[in-house]
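Everything below concerns the one structure shown next.
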Amino acid sequence: MNGSIAIDNTSLLIASSLVLVSLYLSYSQKLGIEKETLVSVARAIIQLVIVGYILEYIFGLESSLFTTLLLLFMAFNAAYNASKRGKGIQKILTISFGAIATGTVLTLSVLVFSGTIAYEPYQIIPVSGMIISNSMVALGVCYKQMLSDFKSKREEVETKLSLGADILPSSIGIIRDAIRTGMIPTIDSARTLGIVSLPGMMTGLILAGISPIEAIKYQIMVTFMLLSTTSISSYVACYLSYRSFFNTRKQLVSIKLKQDNI
Amino acid sequence: MPLLDLQNVSFVNDGKAILRNVSFVVEAGDFISIVGPSGSGKSTLLRLCSHLISPTGGNIFYKGVNMNEYIPTDLRKSIAYCSQSPYLFGNNVKENLDFPFSVRKMPFNEGRVKELFSLFNIPFTFLTADVQNLSGGEKQRISLVRTLLFLPEVLLLDEITSALDAENTRMVENAVSSLNNEGITVLWITHDPEKSQKYANKIITVEAGKINSLEVLK
Ligand SMILES: Nc1ncnc2c1ncn2[C@@H]1O[C@H](COP(=O)(O)OP(=O)(O)OP(=O)(O)O)[C@@H](O)[C@H]1O
Ligand SMILES: [Mg+2]
């Protein structure tokens with residue numbers, strides 16, 4: 001590291017030969033994924049170039065309004081993606097958006113008011129990106145768990161209902177299970193930070209020439225914020241969506257598990 | 001006024017008619033045995049009466065009021081249902097027996113549990129037993145205790161003696177019969193036509209989703 005931040009385009013072009021390794025393996029081993037690999041690489045390049053220019057433009061604008069609009073757009077996209085895992089749950093898109101927005105707003109407020117980060121596009125946007133995508137993954141896991149639990153634990157829920165319990169005490173076990181399952185990936189990755197993985201952000205900072213001691217401070221902040229956001233989002237999403245599994249007569253209804261709920 | 005009044009009740013699930021135009025009345029104090037071949041719709045009938053499912057056609061009236069007018073949780077406290085496959089949740093027996101108390105926001109009443117345990121010949125040490133280690137018959141009796149901690153007005157029992165030996169079966173039958181004598185209305189699904197005659201004052205025969213006969217015995 002000589003402190004330079006930029007990679008020159010020639011080096012990047014040479015590095016791109018690494019893709020050929022993957023293509024050659026696919027071809028020689030008859031994996032049949034050459035086309036997918038090429039499409040993915042092409043998509044990655046095109047999407048990143050577009051995002052790069054957009055971010056450059058937005059960072060230049062330094063408009064809080066625009067930053068906020070972009071955050072909303074990101075949250076909506078994440079909600080849309082998470083909803084796909086919860087097909088069959090009523091108002092799943094609204095619930096997902098509400099859950100992601102709550103988690104993001106609460107976490108960002110703490111970060112901004114504590115002065116950890118500033119409400120400037122170049123800080124807020126990457127940080128929110130991490131928060132939002134983490135919530136998205138957590139929600140997908142929560143929904144999947146709930147859909148399968150409400151199916152496999154029908155007897156338990158109906159037994160509790162028939163003992164006169166309301167729908168919340170009848171499904172509290174399932175709700176807690178789903179929240180827990182949604183949070184496990186974040187907790188697990190926090191546990192192994194620095195041992196198994198040097199997270200992407202920290203690696204990026206170090207590559208960009210920031211001292212490791214400074215970089216870990218950022219990473220610690222990221223770990224805290226991801227934990228708080230996933231727990232808030234999972235909590236909100238699960239408590240809002242369990243009602244979908246019951247009708248107004250407090251009867252358990254069956255939601256058909258869709259094939260694409262893998 | 002009849003306690004329960006089923007009028008032209010049908011239940012269709014996924015396009016399949018499980019019950020068709022079932023009508024009968026249950027008077028307060030009745031002890032009704034429900035018999036019929038496997039798959040005829042007996043359990044579905046009791047699930048409808050416990051409001052775990054609603055009819056897709058027709059109406060069920062409880063004390064003259066459509067079931068849909070009641071608060072579901074109140075209704076289910078008053079009409080208790082003990083299912084065909086006893087399900088004990090959580091880790092130990094106590095969790096199960098505490099549940100009806102916590103539903104009513106009441107403290108656990110050990111005295112009441114002791115009373116029912118001795119009625120059903122369950123050693124008191126079972127209170128802390130792991131639910132995984134219980135036999136089928138033990139589970140059946142404990143789930144019955146769980147249902148009876150608070151006495152309902154109507155008791156719906158779905159083959160609750162299927163896993164019990166002769167002695168325990170007799171004991172459960174006697175207990176239910178004495179509850180009936182105290183005024184609790186009982187609807188009991190049984191596979192044993194002989195026994196069904198002994199305690200019941202009416203016998204309903206279900207066949208292929210229809211009521212084939214309603215026999216009044218006493
Ligand atoms: N949730 C459900 N979805 C689809 N079909 C069902 C459902 N519940 C019950 N059935 C069907 O309805 C019919 C009646 O079932 P039910 O459990 O009421 O029969 P049963 O008389 O209690 O039988 P058994 O004596 O074996 O307990 C059966 O053909 C069963 O397959
Ligand atoms: Mg049955």
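The values are calculated or read from the model by the stated rules, or taken from the named source; none is laboratory data. As the structure is a computational prediction, the values presented were derived from the model and not from experiment. Here the Cβ positions follow ideal geometry from the backbone for every residue, glycine too, while neighbour counts run over all protein chains shown. The protein model used for the area step is the full one, side chains on, heavy atoms only, and it has no ligands, DNA or RNA in it. Shrake-Rupley method; radii C 1.70, N 1.55, O 1.52, S 1.80 Å.
Here are some notes:
- The residue that is farthest from A:I89 (Cα to Cα), among those in the range A:181-196 that are assigned to a helix (DSSP H, G or I) and of a type in the set (V, I, T), is A:I187.
- Candidate set: the range A:163-173, residues that are crowded, with 21+ Cβ neighbours inside 10 Å and in a helix (DSSP H, G or I); chosen: the one nearest to the other protein chains (Cβ to nearest Cβ): A:S170
Conditions (1) closer than 19 Å to A:L139 by Cβ; (2) modelled with pLDDT under 90; (3) outside any helix (DSSP H, G or I), marked per residue:
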residue: A:L161; (1), (2), (3): no, no, no
residue: A:R176; (1), (2), (3): yes, no, no
residue: A:I179; (1), (2), (3): yes, no, no
residue: A:M201; (1), (2), (3): no, yes, no
residue: A:I216; (1), (2), (3): no, yes, no
residue: A:Y242; (1), (2), (3): yes, no, no
residue: A:D260; (1), (2), (3): yes, yes, yes
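- Residues of the range A:138-162 that turn out to be more than 9 Å from chain B (Cβ to nearest Cβ) and of a type in the set (D, E, K, R), as a count: 4
- All conditions but one from (1) outside any helix (DSSP H, G or I); (2) touching a helix residue (DSSP H, G or I) at 6+ places or on another chain (Cβ under 9 Å) apply to B:E138; the one that does not is (1).
- Subset of the range B:1-24 that is loosely packed, with under 15 Cβ neighbours inside 10 Å and of a type in the set (A, V, I, L, M) - its residue that is modelled with the lowest pLDDT: B:M1
- Residue in the range B:97-112 that is within 25 Å of B:K63 (Cα to Cα) and among the polar types (S, T, N, Q) present: no
- Strands (runs of 3 or more DSSP E) contained entirely in the range B:1-85, each with at least 1 residues that are within 10 Å of ligand 1 (Cβ to nearest atom) and at the interface with another protein chain (Cβ under 10 Å from one of its Cβ atoms): B:4-13
- Matching residues, the range B:32-56, being more than 12 Å from ligand 2 (Cβ to nearest atom) and either open to solvent by 40 Å² or more (accessible area, probe 1.4 Å) or farther than 19 Å from B:Q84 by Cβ (or both): B:S54, B:P55, B:T56
- Inter-residue pairs, beta-carbon under 8 Å, first over 22 Å from B:A28 (Cβ atoms) and at pLDDT below 90 and in the range B:190-218, second open to solvent by 50 Å² or more (accessible area, probe 1.4 Å) and among the aliphatic types (A, V, I, L, M), 6+ apart: none
- Unmet criterion (only one of (1) part of a helix (DSSP H, G or I); (2) open to solvent by less than 60 Å² (accessible area, probe 1.4 Å); (3) out of contact with any strand residue (DSSP E or B) (no Cβ under 8 Å at 6 or more places or on another chain); (4) at pLDDT below 95) for A:G209: (1)
Yes or no, residue by residue, for (1) within 16 Å of ligand 1 (Cβ to nearest atom); (2) more than 14 Å from chain A (Cβ to nearest Cβ):
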| residue | (1), (2) |
| --- | --- |
| B:G137 | no, yes |
| B:I142 | no, no |
| B:E153 | no, no |
| B:I204 | yes, yes |
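- Restricting attention to the range A:142-156 and to residues that are surrounded by 18 or more Cβ atoms within 10 Å (Cβ to Cβ) and not basic (K, R), the residue that is farthest from the chain's Cα centre (by Cα) turns out to be A:E156.
- Count of the range B:128-160 residues which are within 16 Å of ligand 2 (Cβ to nearest atom) and open to solvent by less than 30 Å² (accessible area, probe 1.4 Å): 7
- Helices (runs of 4 or more DSSP H) contained in the range A:1-99 and holding at least 2 residues more than 28 Å from the chain's Cα centre (by Cα): A:9-15, A:17-28
- Single unsatisfied condition, B:V93 versus (1) within 11 Å of another protein chain (Cβ to nearest Cβ); (2) in contact with a strand residue (DSSP E or B) (Cβ under 9 Å, 6 or more places away or on another chain): (1)
- When B:Y62, B:Y87, B:Y70, B:Y81 are checked against the criterion of being touching a residue at least 40 places away in the same chain (Cβ under 8 Å) and open to solvent by 30 Å² or more (accessible area, probe 1.4 Å), B:Y87 stands alone in meeting it.
- Hits in the range B:155-170 (condition: farther than 25 Å from B:P2 by Cβ, among the β-branched types (V, I, T) and within 16 Å of ligand 1 (Cβ to nearest atom)): B:T161
- Test set (1) more than 30 Å from B:L155 (Cβ to Cβ); (2) crowded, with 20+ Cβ neighbours inside 10 Å - A:R176 fails condition number: (2)
- Residue list for the range B:90-114, filter: at pLDDT below 95 and open to solvent by 70 Å² or more (accessible area, probe 1.4 Å): B:N91
- Single residue of the range B:182-208 satisfying the filter (in a strand (DSSP E or B) and charged (D, E, K, R)) that is nearest to ligand 2 (Cβ to nearest atom): B:E207
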